[in-house]
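In what follows, a structure is listed as structure tokens, so that the remarks can point back to it.
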Amino acid sequence: MAPDARFPSTSSLDVVGIGNAIVDVLVQTHVAESLDEVEVCRVLHPPGSMTAELGKTDTTASSSSIHGGSRDGDLADNGRDLSILDRCGLIHSRCVLAHGVHLSPKEVRLLAERGAAIAHCPLSNCYFADGVLPVKRLLDAGISVGLGTDFAGGHDHSMLSAIRSAVLVSRLLSTGVDKYDYRSSVDTDTEPSS
């Protein structure tokens, strides 16, 4: 089972509560995939809009869920896709979220507490995510991380290619791809000799 669209930001709130209503619901969708997706979510679901649309007046009230934890007060109605999924009762141990490149520390803690997993799609992230999934940070937080291909977001659905890509992007993230300062190694006032 997944929301009615690939991205929670474009899903209807008609799925609200479905995670609480169905005990064995499996959830797979995308979350915090790219900076554009994060912005689209905030435009379509501005902070506070879910509370108004659902007719709730107290965003800190909590309600019990069959999947453990509370649903209403864990994440603020902040216009982010994980907040939408959480309020729909869809973040639990039978939930796998693709990407997660732009998760906040609070969102990472929530995923760990609920036992939700992330599907790392490194090749797709290279094309669309505006970042690299911090796999070590997620693992250190206790989140299970698997490997995916997200065929719609890349040119190759081979798991071997996904493994190669995961190693490459992890290496770039660990060494810091933006640390090089050309001015420290080249005299910029002098033209190169021919």
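Full extension of the segment from I163 to V43, taken as 0.36 nm per residue of separation minus the current Cα-Cα distance, would add 39.7 nm. Take the Cα of D156, step 7 Å toward its Cβ, do the same at A141, and the gap between the two points is 2.9 nm. Computed from backbone phi with θ = phi - 60° and the Karplus coefficients 6.51, -1.76 and 1.60, the 3J(HN,Hα) list for the stretch 160-166 is 4, 5, 5, 5, 4, 4, 4 Hz; x is used for glycine and proline.
Rounded to 0.05, the FRET efficiency of the S174 and S104 pair, given R0 = 22 Å and the Cβ-Cβ distance, is 0.55.
Laboratory data are not the source of any read-out in this text; all were calculated from the coordinates shown. As the structure is a prediction and not an experimental result, all values here were calculated from the model. FYI the Cβ positions are ideal-geometry reconstructions off the backbone, even for glycines, and counts take in every protein chain you see.
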